[in-house]
Amino acid sequence: MFNPAQLTLGEIAAAFRDFVIIGVIIKAAWHSRGFYEHAKSLKDRLVQHMDFMEKGMSTLLDNHLTHIESDLAKLAQKKEE
């Protein structure tokens, strides 16, 4: 049975130290979880950005590159004349 009258100062200090160590471990785990979530959201945003940029470059290459090449060919012919 637990009898608080028999506790010594050393036992109280040891129990307090144990609680502090457990608290620090829990706090570190909580903060590392937050860091992981930030890193994961950054990765998701980077993937979304790269998908958007690839779509834009695909549009540029498919739609505009042929016009740019034909304009450059016309300019090159004018320069040769």
Problem - Distance histogram in 10 Å bins (all Cα pairs of the chain, percent per bin) - result: 14, 16, 14, 13, 11, 9, 8, 7, 5, 3, 1
Practice task
Give the angle, between 0 and 90 degrees and rounded to the nearest 10, that separates the Cα long axis of helix 9-59 from the longest principal axis of the Cα atoms of the chain.
Solution key: 10
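Read-outs: derived from the displayed coordinates by stated rules, not from any lab. Note that the structure is a prediction, hence the values are computed from the model and not measured.
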